[in-house]
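K.L.:
Got a structure for you, questions after.
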Amino acid sequence: MPNGHKKGGCAEDTGRLDAVDMRKVILLAMSMLLTTCLQAKVYYVSSTGNDGYGGTRIDSAFQTIPKAVSVMIAGDTTYVRGGVYFLNTTVSISKKGAATGWYYLLAYPGERPIFDFSSMAVSSSNRGFNFSGNYWVVQGFDIKGAGDNGMNLSGSNNVIERCNFYENADTGLQLSNGASNNEIINCDSYYNVDPSQGNADGFAPKLDVGTGNYFYGCRAWQNSDDGWDGYMRGSDDVTTILENCWVFASGYLKSGDASSGNGNGFKMGGGDSSNVSNWKHNMILKNCVAFDNRAKGFDQNNNAGSMILYNCTSYRNGTNYSVTRPLASGKVLDVKNCVALGTYGSLGAFAVQEKNSWQNPFVVTNDDFVSIDTAGVRGPRKPDGSLPDARFMHLAEGSDLVDGGVDVGLPYKGIAPDLGAFESDYPVGIAEVESPISEYRLEQNFPNPFNPLTRIRFMAGTRGQTSLHVFNALGQDIQTLFNEEVEAHRIYEITFDASRLPAGVYFYRLTSGDFADFRRMLLIK
């Protein structure tokens, strides 16, 4: 289930290959998949099971995850049945898979297991899950009430998907001790509070964390300290990417009372002690939203690393955007297509800014938005785990923020990107660009991961016969999305419906004359 996001930088992995290289990629994927499938076993865990059972059938399930993990080998899957599991000791997972053999720890389809650690004493050693394994997919768990982190992740190349972390006595999900290249997809973290109220964040890639961690579609709210905390102590010059993430009401308790914590939404880095202004955490935020946080929405916190903010939205925070301290040599602050309703805050003169709502010619009012009512932002996620539909901060038709942005490599409709985190979907077909492009370009599908619909855009530099095909992981051509002659200097957008396909990695490939380009996408169900 790993996807095609390139870690550790702003550029996407375009993976441009010729036909021979594409065949090699597909054959390798086929070999890896077949090898794993031949060895794979399935186990079950149930609150009414018994660790003395065999664990290979629903009616003979194990009772605990540690028992299932002890017998798993790379490629195996354990399904955890729904219900409440009352635990007072840490669940530790340290087995390490590889790119050719993943471990899968999944909620049983249609059920939701809740791991309740509320009987734990508050202590820095009393984490709910202590996860040092590599190449695991963990999906569909609730983790609450731990005496420290709900989950502490120090392993690498893992996928944590559709998990909730709440009411823990420290950060809901913390990544540290070298954790790198992990993907946190469609997870929520809320109501976490430590005794001092100054340490519990929603998500925290911090301290001695590794590089290349990626958050997609995650929400954090009402955590006593910050929503996301990226401050450094031990690591330096690492990169974290956040895409399509929401943070709100940081610095408040579950009761609604203000906490004594910092109360920032996205705290993008910084340090302490003798290196307070020298630590570098390169943060890339795309299509992210911060609102109603007690202190700052987007906070530098002394970070000396690069900060890239594309198409972000900020509203009704104590301060919306705050990045004023000079950066380390060679680092940049790049802020484009961002929105603030109200005073935007402060950005240093070193910032590279373009097409932000506080710049000419824009004048932002409530009328630029369909709604500024936050109703629905805490609502249940869609069945595929994606964020709920809410009208909040979506642009109104006719606003000059629609099509008012600059191309930063994110998918968009119309003749130019919108400003802010929510690209409008007002009717548009094939659109002429204002500045004609001279070459073909294939964009990353959006959304990605997706279920079941996603949009694929490409730009045609010249007139000619063009085809767009979708392949599965075995290299089979499963669908032709486009096969006709295109007009030069035009944008084409196609909707791909994968409702009849199984979850997994897919490739899509665009060819026209000598041009060939492909990208990967992840279907989740």
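The values are calculated or read from the model by the stated rules, or taken from the named source; none is laboratory data. What you see is a predicted model, and the numbers here were worked out from it, not measured in a lab. All Cβ positions, even for glycine, are placed from backbone atoms using ideal geometry, and neighbour counts span all protein chains on display.
K.L.:
Does any residue of segment 240-250 turn out to be under 19 Å from Lys206 (Cβ atoms), at pLDDT 95 or above and among the aromatic types (Phe, Trp, Tyr)?
P.N.:
no
K.L.:
Any residue that is touching a helix residue (DSSP H, G or I) at 6+ places or on another chain (Cβ under 6 Å), modelled with pLDDT under 95 and not assigned by TED's automatic domain parsing to the domain that holds Asp514 - is there at least one of those in segment 52-75?
P.N.:
Yes.
K.L.:
Separate question: Can you tell me which residue within segment 331-356, out of those that are of a type in the set (S, T, N, Q) and within 24 Å of Gly270 (Cβ to Cβ), is surrounded by the fewest Cβ atoms within 10 Å (Cβ to Cβ)? Full working, then the answer.
P.N.:
Restricting attention to segment 331-356, the residues satisfying the condition of being of a type in the set (S, T, N, Q) are 337, 343, 346, 353, 356.
Filter once more, keeping what is within 24 Å of Gly270 (Cβ to Cβ): 343, 346, 353, 356.
Working: Thr343: 10, Ser346: 13, Gln353: 14, Asn356: 25.
The selected residue is Thr343.
K.L.:
Can you name every residue in segment 293-333 that is within 20 Å of the chain's Cα centre (by Cα), hydrophobic (A, V, I, L, M, F, W, C) and in a loop (DSSP other than H, G, I, E, B)?
P.N.:
Cys312 - this is the single residue of segment 293-333 that is within 20 Å of the chain's Cα centre (by Cα), hydrophobic (A, V, I, L, M, F, W, C) and in a loop (DSSP other than H, G, I, E, B).
K.L.:
When you scan segment 215-227, do you find a residue that is surrounded by fewer than 22 Cβ atoms within 10 Å (Cβ to Cβ) and either out of contact with any Lys or Arg (no Cβ under 8 Å at 6 or more places or on another chain) or not small (Gly, Ala, Ser) (or both), even just one?
P.N.:
No, segment 215-227 contains no residue that is surrounded by fewer than 22 Cβ atoms within 10 Å (Cβ to Cβ) and either out of contact with any Lys or Arg (no Cβ under 8 Å at 6 or more places or on another chain) or not small (Gly, Ala, Ser) (or both).
K.L.:
With the requirement that a residue be polar (S, T, N, Q), out of contact with any Leu (no Cβ under 6 Å at 6 or more places or on another chain), part of a loop (DSSP other than H, G, I, E, B) and surrounded by 12 or more Cβ atoms within 10 Å (Cβ to Cβ), what does segment 357-407 give you?
P.N.:
Of all residues in segment 357-407, those polar (S, T, N, Q) come to 357, 359-360, 365-366, 371, 374, 386, 399.
Checking which are out of contact with any Leu (no Cβ under 6 Å at 6 or more places or on another chain) leaves us with 359-360, 365-366, 371, 374, 386, 399.
This time we only want the ones that are part of a loop (DSSP other than H, G, I, E, B), so: 359-360, 365, 374, 386, 399.
Gln359, Thr374, Ser386, Ser399, listed by residue number.
K.L.:
Exactly one of these conditions fails for Ser512: (1) at pLDDT 90 or above; (2) under 29 Å from Asp384 (Cβ atoms). Give me its number.
P.N.:
(2)
K.L.:
If we only count strands (runs of 3 or more DSSP E) wholly inside segment 83-160, which ones have 3 or more residues that are modelled with pLDDT of 95 or more and either aromatic (Phe, Trp, Tyr) or crowded, with 16+ Cβ neighbours inside 10 Å (or both)?
P.N.:
Numbers: elements: 83-86, 91-93, 103-107, 113-116, 129-131, 136-139, 142-144, 151-153.
In segment 83-160, 103-107, 113-116, 129-131, 136-139, 142-144, 151-153 are the strands (runs of 3 or more DSSP E) which contain 3 or more residues that are modelled with pLDDT of 95 or more and either aromatic (Phe, Trp, Tyr) or crowded, with 16+ Cβ neighbours inside 10 Å (or both).
K.L.:
Exactly one of these conditions fails for Pro417: (1) buried (at least 22 other Cβ atoms within 10 Å of the Cβ); (2) in a loop (DSSP other than H, G, I, E, B); (3) of a type outside the set (Lys, Arg); (4) touching a Phe, Trp or Tyr at 6+ places or on another chain (Cβ under 6 Å). Give me its number.
P.N.:
Evaluating Pro417 over (1) buried (at least 22 other Cβ atoms within 10 Å of the Cβ); (2) in a loop (DSSP other than H, G, I, E, B); (3) of a type outside the set (Lys, Arg); (4) touching a Phe, Trp or Tyr at 6+ places or on another chain (Cβ under 6 Å) leaves (4) as the failure.
K.L.:
Looking at Phe86, is it over 19 Å from the mean Cα position of the chain (by Cα), of a type in the set (Phe, Trp, Tyr) and closer than 19 Å to Tyr190 by Cα? Can you show your working first?
P.N.:
Values: over 19 Å from the mean Cα position of the chain (by Cα): yes; of a type in the set (Phe, Trp, Tyr): yes; closer than 19 Å to Tyr190 by Cα: no.
No, not satisfied.
K.L.:
Please specify each residue of segment 218-252 satisfying the condition of being assigned to a loop (DSSP other than H, G, I, E, B), within 18 Å of Thr374 (Cβ to Cβ) and in contact (Cβ under 8 Å) with a residue 40 or more places away in the chain.
P.N.:
Of the residues in segment 218-252, the ones assigned to a loop (DSSP other than H, G, I, E, B) are 218, 222-227, 230-231, 233-237, 244-245, 249-251.
With the extra rule that they be within 18 Å of Thr374 (Cβ to Cβ), the set shrinks to 218, 222-223, 227, 244-245, 249-251.
Result: Asn223, Gly227, Asn244, Cys245, Ala249, Ser250, Gly251.
K.L.:
Restricting the first residue to segment 78-102 and requiring it to be in contact (Cβ under 8 Å) with a residue 40 or more places away in the chain, which pairs with a second residue that is of a type in the set (Lys, Arg) and surrounded by 14 or more Cβ atoms within 10 Å (Cβ to Cβ) meet a Cβ separation below 7 Å and a spacing of at least six or different chains?
P.N.:
Between residues of segment 78-102 that are in contact (Cβ under 8 Å) with a residue 40 or more places away in the chain and residues that are of a type in the set (Lys, Arg) and surrounded by 14 or more Cβ atoms within 10 Å (Cβ to Cβ), the close pairs are Thr90/Arg127.
K.L.:
So which of Thr48, Thr77, Thr56 ends up being closer than 30 Å to Ser180 by Cβ, over 22 Å from the mean Cα position of the chain (by Cα), surrounded by fewer than 20 Cβ atoms within 10 Å (Cβ to Cβ) and hydroxyl-bearing (Ser, Thr, Tyr)? Reasoning before the result, please.
P.N.:
On the way: Thr48 fails: closer than 30 Å to Ser180 by Cβ; Thr56 fails: closer than 30 Å to Ser180 by Cβ.
Testing whether each residue is closer than 30 Å to Ser180 by Cβ, over 22 Å from the mean Cα position of the chain (by Cα), surrounded by fewer than 20 Cβ atoms within 10 Å (Cβ to Cβ) and hydroxyl-bearing (Ser, Thr, Tyr) leaves just Thr77.
K.L.:
Let me ask something additional. Condition test on Ser235, is it touching a Gly at 6+ places or on another chain (Cβ under 9 Å) and of a type in the set (S, T, N, Q)? I'd like the intermediate steps shown before the answer.
P.N.:
Working: touching a Gly at 6+ places or on another chain (Cβ under 9 Å): yes; of a type in the set (S, T, N, Q): yes.
Yes.
K.L.:
Kindly provide the set of residues from segment 479-525 that are in a strand (DSSP E or B), within 22 Å of Tyr216 (Cα to Cα) and among the β-branched types (Val, Ile, Thr), ordered by number. Step through it out loud before you land on a result.
P.N.:
Taking segment 479-525 as the starting set, the residues that turn out to be in a strand (DSSP E or B) are 479-486, 490-497, 504-512, 515-523.
Keeping just the survivors that are within 22 Å of Tyr216 (Cα to Cα) gives 495-497, 504-508, 518-523.
Scanning segment 479-525 gives Thr495, Val505.
K.L.:
Output the number of residues of segment 464-507 satisfying the condition of being of a type in the set (Lys, Arg) and surrounded by fewer than 15 Cβ atoms within 10 Å (Cβ to Cβ).
P.N.:
Pass one, segment 464-507, residues of a type in the set (Lys, Arg): 490, 500.
Keeping just the survivors that are surrounded by fewer than 15 Cβ atoms within 10 Å (Cβ to Cβ) gives 500.
Residues flagged as of a type in the set (Lys, Arg) and surrounded by fewer than 15 Cβ atoms within 10 Å (Cβ to Cβ) within segment 464-507 amount to 1.
K.L.:
Can you name the residue in segment 59-74 that is touching a strand residue (DSSP E or B) at 6+ places or on another chain (Cβ under 9 Å) and small (Gly, Ala, Ser) and, of all such residues, is surrounded by the fewest Cβ atoms within 10 Å (Cβ to Cβ)?
P.N.:
My answer is Ser60.
K.L.:
What is the number of the single condition among (1) at pLDDT 95 or above; (2) part of a loop (DSSP other than H, G, I, E, B); (3) under 16 Å from Asp236 (Cβ atoms) that Asn282 does not meet?
P.N.:
Single failed check for Asn282: (2).
K.L.:
Out of segment 162-182, which residues are in a strand (DSSP E or B) and either in contact with a Leu (Cβ under 9 Å, 6 or more places away or on another chain) or crowded, with 24+ Cβ neighbours inside 10 Å (or both)?
P.N.:
Going through segment 162-182, the residues in a strand (DSSP E or B) turn out to be 164-166, 173-175.
Once the filter is applied, which keeps residues that are in a strand (DSSP E or B) and either in contact with a Leu (Cβ under 9 Å, 6 or more places away or on another chain) or crowded, with 24+ Cβ neighbours inside 10 Å (or both), segment 162-182 yields Phe165, Leu173, Gln174, Leu175.
K.L.:
Within segment 357-388, which residues are β-branched (Val, Ile, Thr) and in contact (Cβ under 8 Å) with a residue 40 or more places away in the chain?
P.N.:
Result: Ile372, Thr374, Val377.
K.L.:
Here's something else I'd like to know. Could you list, in sequence order, all residues of segment 508-525 that are aliphatic (A, V, I, L, M) and either under 14 Å from Thr454 (Cβ atoms) or surrounded by fewer than 17 Cβ atoms within 10 Å (Cβ to Cβ) (or both)? Before you say what the answer is, go through the steps one by one.
P.N.:
Filtering segment 508-525 for residues aliphatic (A, V, I, L, M) gives 510, 516, 521-524.
If the condition is that a residue be aliphatic (A, V, I, L, M) and either under 14 Å from Thr454 (Cβ atoms) or surrounded by fewer than 17 Cβ atoms within 10 Å (Cβ to Cβ) (or both), then Met521, Leu522, Leu523, Ile524 are the ones that fit.
K.L.:
For segment 484-505, enumerate the residues that are within 19 Å of Gln444 (Cα to Cα) and at pLDDT 85 or above.
P.N.:
Hits for segment 484-505 are Arg490, Ile491, Tyr492, Glu493, Ile494, Thr495, Phe496, Asp497, Ala498.
K.L.:
Just checking, how many residues over segment 340-356 are under 20 Å from Asp403 (Cα atoms), in contact (Cβ under 8 Å) with a residue 24 or more places away in the chain and part of a strand (DSSP E or B)?
P.N.:
Final tally of qualifying residues: 3.
K.L.:
Pairs under 6 Å by beta carbon, first residue at positive phi in segment 170-185, partner among the charged types (D, E, K, R), six or more apart or different chains?
P.N.:
Asn177/Asp208; Asn181/Lys7
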